[in-house]
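One structure is given here, and the rest of the page talks about it.
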Amino acid sequence: MKKLLIKNGTIIDVESGLSFLGTIEVEGNKIKRVIGESDVLPEGIESIDAKGKYIIPGLIDMHCHINERFAPHFVASGVTTIRNTAGNVLLLKKLIDKPDDAPTPRIYASDRMIDGTPGQWGSTSYGNLVTDDPEEARKEVRRQVEVGAKFVKLYGWIKRDVMAAAVDEAKKFNLEVAIDLANSKDLTALDAAELGVTWFEHASGFAHAIYKGWNLFVDKEEEWSHIDWENPDQEKIKEFCKKMLAYNVKLCPTMVVLDQPMKYPDFWSPKNIVIESASKINYMMDYWKEHTEIIDILKSSSAKINNFTKAVAKIYYDMGGTVVAGSDTPAFVYTYPGMALHRELELFVEIGFTELEALQAATVNAAKSINLHEIGSIKEGKIADLVILNNNPLENIKHTQDIEFIVKGGKVYNQQEILDTVPSEEEVNKSMQDFIEKWEAVNVN
């Protein structure tokens, strides 16, 4: 079994917030032990010297939509695990089945989203089920269990009775249910929480509940002109968060997905090799450019909930709620795979989280929130997912972007080595076409 020593680095314990000089001994894909500065090191083991470096656990992006084309970009960014919030488990099977030390992230995935008619993302396909039939929703949950979905994702136009059926069926298999209510016209976060939904993506549905009758599509906006979206009502948010705490719901605010269009054309885009590589992915760049053509619409809708979402995230966390970090890559504009999570961490700090709290939202707290107990911190017996940084992220969260090495499942990589594994668009397109043909051959829906 392969062994490795990562010597003389400053190890950051994300649970306690303490930092100390030490060595991490890796055996196979696991951390065998964490050795103190004064302890005797074993001899005859391959080692890398991390003197002057800072070691954190591999990061976790708790909301994204991955595919083979840009999967390596996550790991090159230090993101070793992702939570895929809607897609298709069978389409991701190649990535899901990769070994621990592969230069692609481990994936905690839902299957296709369950939405109501007419379907925000079109009619039923491999990526979504559109139905107003509760029994069809139950059947879909059972199918998702069979293919290995780790949780169930609902979408904003789902009907109340369909939501109730899907949640009830998911509970039979101990699966959590997540929902995106951003574009809901009828249901609110409180409706969903009362029915047993656990996860609220984008902290969505909160504004719908606080301002009953409001949604992003209201015809008479003047009726809601009294709402100061720039300066959200803190007391109203606290009052509502207290209700949601009673249901122990979890939030993934994905602030970066609103921040990027709000800042356009001066959006966040630091110069580094990961972003340079991602910018060569033609279909993704074309997708983002298409959205810049409607940037005024995106700015208008984002402005209504941007500061509100930030206020909800901070208040809910301060009240003891679970708030984790996600990017919604590749949504809207320039949510660079892997790197967008670093911008999300910056936003956590900008709204009042400490550097440690921001780091916890993408490591230990993220792992605990979905019961992935083998990742998220640097402890004996944990999977050896590590990021070796050149500067201290507890002094400045931007230092999470200054990466020297990534250790994935016990294997050491530099960023370029990972980016060298990025598949061509032709390879990915062929893989995608093969999947669609197989899917359509055996699925009516």
- [ ] Give just the number: which of (1) open to solvent by 10 Å² or more (accessible area, probe 1.4 Å); (2) of a type outside the set (Phe, Trp, Tyr); (3) in contact (Cβ under 8 Å) with a residue 40 or more places away in the chain does Ile11 not satisfy?
- [x] (1)
Task: Looking only at region 75-116, and only at residues there that are outside any loop (DSSP other than H, G, I, E, B) and under 11 Å from the mean Cα position of the chain (by Cα), the one that is nearest to Ser279 (Cα to Cα) - done: Val79
Open item on the list: Kindly evaluate Asp100 against the criterion of being crowded, with 18+ Cβ neighbours inside 10 Å, modelled with pLDDT of 95 or more and among the acidic types (Asp, Glu).
Closed with: no
- [ ] Report those helices (runs of 4 or more DSSP H) wholly inside region 119-222 carrying at least 3 residues which are farther than 28 Å from Val256 by Cα.
- [x] 134-147, 160-172
- [ ] Hey, could you check region 347-405 for residues that are on the phi > 0 side of the Ramachandran plot and touching a Lys or Arg at 6+ places or on another chain (Cβ under 8 Å) and say which is surrounded by the most Cβ atoms within 10 Å (Cβ to Cβ)?
- [x] Gly376
TODO: Could you list all residues from region 46-66 that are part of a loop (DSSP other than H, G, I, E, B), at pLDDT 95 or above and open to solvent by 30 Å² or more (accessible area, probe 1.4 Å)?
DONE: Lys51, Gly52, Lys53, His65
- [ ] Take region 247-262 and flag every residue that is part of a loop (DSSP other than H, G, I, E, B) and open to solvent by less than 10 Å² (accessible area, probe 1.4 Å).
- [x] Val249, Pro253, Thr254, Met255
- [ ] Return the residue satisfying two criteria in turn: it lies in region 181-203 and is touching an Asp or Glu at 6+ places or on another chain (Cβ under 9 Å) and touching a residue at least 60 places away in the same chain (Cβ under 8 Å), and of such residues it is nearest to Asp115 (Cα to Cα).
- [x] Ala182
Task: Qualifying positions in region 19-45 - free of Cβ contacts under 8 Å to residues at least 40 places away in the same chain, among the hydroxyl-bearing types (Ser, Thr, Tyr) and open to solvent by 50 Å² or more (accessible area, probe 1.4 Å) - done: Ser38
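Can you tell me which residue is farthest from Met163 (Cα to Cα) among those in region 190-213 that are of a type in the set (Gly, Ala, Ser) and open to solvent by less than 30 Å² (accessible area, probe 1.4 Å)?
Filtering region 190-213 for residues that are of a type in the set (Gly, Ala, Ser) and open to solvent by less than 30 Å² (accessible area, probe 1.4 Å), the one farthest from Met163 (Cα to Cα) comes out as Ala207.
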Open item on the list: Residue pairs, Cβ under 8 Å, 6 or more apart or interchain, first in region 403-424 and under 20 Å from Val26 (Cα atoms) and free of Cβ contacts under 8 Å to residues at least 40 places away in the same chain, second open to solvent by less than 40 Å² (accessible area, probe 1.4 Å) and not hydroxyl-bearing (Ser, Thr, Tyr). List them.
Closed with: Asn414/Ile406
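The values are calculated or read from the model by the stated rules, or taken from the named source; none is laboratory data. None of the values given here were measured: they were computed from a predicted structure. No Cβ is skipped: glycine too gets one built from the backbone with ideal geometry, and neighbour counts run over all protein chains shown. Please note that ligands, DNA and RNA were not included when accessible areas were found on the heavy atoms of the full protein model with its side chains. Shrake-Rupley method; radii C 1.70, N 1.55, O 1.52, S 1.80 Å.
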